[in-house]
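The values are calculated or read from the model by the stated rules, or taken from the named source; none is laboratory data. Quick caveat: nothing in here was measured; it's all calculated off a predicted structure. Here the Cβ positions follow ideal geometry from the backbone for every residue, glycine too, while neighbour counts run over all protein chains shown.
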């Protein structure tokens with residue numbers, strides 16, 4: 001939802017986890033703890049956040065991606081994850097999307113995202129599938145469960161980063177993602193969310209899975 005008017009806004013990979021004011025407060029606290037001072041004031045509100053810069057300028061944000069973009073000027077360069085402010089995210093509703101596996105195999109006929117087993121001829125085509133998987137409409141229908149045959153580093157097993165505070169972890173990850181730290185790699189985030197576990201995977205700079213399991 002748009003932080004200014006309450007109308008539907010940008011589809012955001014973190015939206016199911018920041019539903020409700022407690023989760024948005026946790027995100028605001030986590031982001032504030034990572035700011036290079038003097039920084040903006042970040043206020044959680046119905047449908048999103050309000051970023052108030054030291055100059056007096058304000059920016060309503062409806063999504064985590066928008067929020068981190070608005071605050072990047074005060075975040076500095078991302079480093080390896082270290083815990084800052086704690087905070088829990090919301091446990092999302094059960095996920096009805098279906099998982100897909102991407103396979104690079106030039107000897108097989110190509111198969112697109114309408115199939116559970118996606119087949120592409122090379123790494124560039126696999127990256128194109130990741131790009132599509134991270135955006136509507138496919139991000140609303142599918143998520144990545146596996147990848148095979150990619151030679152580039154982003155096709156390797158994902159590095160796992162775990163934390164007790166989910167809000168802190170996703171704020172760090174989105175900052176690092178926007179800064180290009182995951183463009184040539186793969187990382188998986190794990191953290192408690194309610195009675196389940198946050199399961200987010202970023203490959204080649206794209207969020208290709210964001211769920212609770």
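Consider residue 161 carefully, then state whether it is touching a helix residue (DSSP H, G or I) at 6+ places or on another chain (Cβ under 8 Å), part of a strand (DSSP E or B) and modelled with pLDDT of 95 or more. Write out each step before concluding.
Details: touching a helix residue (DSSP H, G or I) at 6+ places or on another chain (Cβ under 8 Å): yes; part of a strand (DSSP E or B): yes; modelled with pLDDT of 95 or more: yes.
Answer is yes for this residue.
Within the set 108, 103, the sole residue that is over 16 Å from the mean Cα position of the chain (by Cα) and in a loop (DSSP other than H, G, I, E, B) turns out to be 108.
For residue 73, are the conditions met, namely being buried (at least 16 other Cβ atoms within 10 Å of the Cβ) and either under 15 Å from the mean Cα position of the chain (by Cα) or in a helix (DSSP H, G or I) (or both)?
On the way: buried (at least 16 other Cβ atoms within 10 Å of the Cβ): no; either under 15 Å from the mean Cα position of the chain (by Cα) or in a helix (DSSP H, G or I) (or both): yes.
The answer is no for residue 73.
Test residue 48 against the stated conditions and say whether it is in contact (Cβ under 8 Å) with a residue 24 or more places away in the chain, touching a strand residue (DSSP E or B) at 6+ places or on another chain (Cβ under 6 Å) and more than 18 Å from residue 189 (Cβ to Cβ).
Details: in contact (Cβ under 8 Å) with a residue 24 or more places away in the chain: yes; touching a strand residue (DSSP E or B) at 6+ places or on another chain (Cβ under 6 Å): yes; more than 18 Å from residue 189 (Cβ to Cβ): yes.
Taking the combined requirement at face value, the residue satisfies it.
Taken over the stretch 111-124, the residue count meeting the criterion of being part of a loop (DSSP other than H, G, I, E, B) and either in contact with a strand residue (DSSP E or B) (Cβ under 8 Å, 6 or more places away or on another chain) or surrounded by 12 or more Cβ atoms within 10 Å (Cβ to Cβ) (or both) is 6.
The requirement of being in contact with a strand residue (DSSP E or B) (Cβ under 8 Å, 6 or more places away or on another chain), farther than 30 Å from residue 110 by Cα and surrounded by fewer than 20 Cβ atoms within 10 Å (Cβ to Cβ) is not satisfied by residue 141. For residue 167, the test of being in contact with a helix residue (DSSP H, G or I) (Cβ under 7 Å, 6 or more places away or on another chain), within 30 Å of residue 22 (Cα to Cα), assigned to a helix (DSSP H, G or I) and at pLDDT 95 or above is passed. Quick check on the stretch 186-201. Is at least one of its residues in contact (Cβ under 8 Å) with a residue 12 or more places away in the chain, exposed (fewer than 13 other Cβ atoms within 10 Å of the Cβ), at negative phi and not in a loop (DSSP other than H, G, I, E, B)? No, because not a single residue in the stretch 186-201 is in contact (Cβ under 8 Å) with a residue 12 or more places away in the chain, exposed (fewer than 13 other Cβ atoms within 10 Å of the Cβ), at negative phi and not in a loop (DSSP other than H, G, I, E, B). When only residues in the stretch 14-56 that are touching a helix residue (DSSP H, G or I) at 6+ places or on another chain (Cβ under 7 Å), part of a loop (DSSP other than H, G, I, E, B) and at pLDDT 90 or above count, which is nearest to residue 140 (Cα to Cα)? Among those residues, the one meeting the criterion is 14. The listed residues are 176, 210, and the only one of them that is modelled with pLDDT of 95 or more, closer than 19 Å to residue 116 by Cβ and surrounded by 15 or more Cβ atoms within 10 Å (Cβ to Cβ) turns out to be 210.
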